[in-house]
Amino acid sequence: MITINLLPVREAKKKETERMQALVLGAVVVGTFLAIVGVHIAITARISHVRNQIQTTQTEIDHLQKVIGDVRTFKKDKAEIERKLGVIHQLEANRGGPVHLLDELASRLPDKIWLTALRQEGGVVTLEGLSIDNETIATYMTRLGQSPYLSNIELERSQVQEGNNVKLNEFTIRFGVVTPPPV
């Protein structure tokens, strides 16, 4: 016999299944939304943290650029001061040079010789003068050779010059100037 169940059991089960499916779908949608919001918040926080690091690093870079500029200025000033000190030391070292040179030339000058010109170009001195004879010139050159301030003494020219019934030897001597080491 055919039985007809008039109770709405299937429909109730169907409704219950539909409600469960809607609940699971809603839970999945809400869970996905919450996951998306959580990931968005995490990424936003990370971006904010990285931006703060960039800002801090940029501030440090700006400060270090200023320090580098100060260091460059300091090095430039230091080089300028060292250059000036070098010039001062050079002037200090050469300060006694002309005095010693003239002292050496005058103290080693024999009788019967007269100096007429003295020129210095760089480290080379040209000395011109008159003497009675060539022996006096040779004596003077020997005496100059004994000086620690003079080097490479050479007779460049010597010739007889007549005037007022007097014969004199006109000469030119070239030599280098040396600064001896301090004692």
- request: Identify the residue in the stretch 115-144 that is under 43 Å from the mean Cα position of the chain (by Cα) and open to solvent by 50 Å² or more (accessible area, probe 1.4 Å) and, among all such residues, is nearest to Pro98 (Cα to Cα).
  value: Gln120
message: Filter the stretch 76-133 down to the residues that are assigned to a loop (DSSP other than H, G, I, E, B) and not β-branched (Val, Ile, Thr) and list them by number.
response: Arg95, Gly96, Arg108, Leu109, Pro110, Asp111, Lys112, Gly122, Gly123, Asp133
Selection count where residues are touching a residue at least 24 places away in the same chain (Cβ under 8 Å) and in a helix (DSSP H, G or I), scope the stretch 141-179: 3
query: Taking Glu104 and the conditions (1) modelled with pLDDT of 85 or more; (2) open to solvent by less than 80 Å² (accessible area, probe 1.4 Å); (3) touching a Ser or Thr at 6+ places or on another chain (Cβ under 6 Å), which numbered condition does it fall short on, given that it satisfies the others?
result: (1)
statement: Of the residues in the stretch 50-61 that are open to solvent by less than 90 Å² (accessible area, probe 1.4 Å) and of a type outside the set (S, T, N, Q), the one that is nearest to the chain's Cα centre (by Cα) is Ile61
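The values are calculated or read from the model by the stated rules, or taken from the named source; none is laboratory data. Remember, predicted model here, so these are calculated numbers, not experimental data. Please note: Cβ atoms are built from the backbone with ideal geometry, for glycine as well, and neighbour counts cover all protein chains shown. Remember, those area values only see protein heavy atoms, side chains included, never the ligands or the DNA or RNA. Shrake-Rupley method; radii C 1.70, N 1.55, O 1.52, S 1.80 Å.
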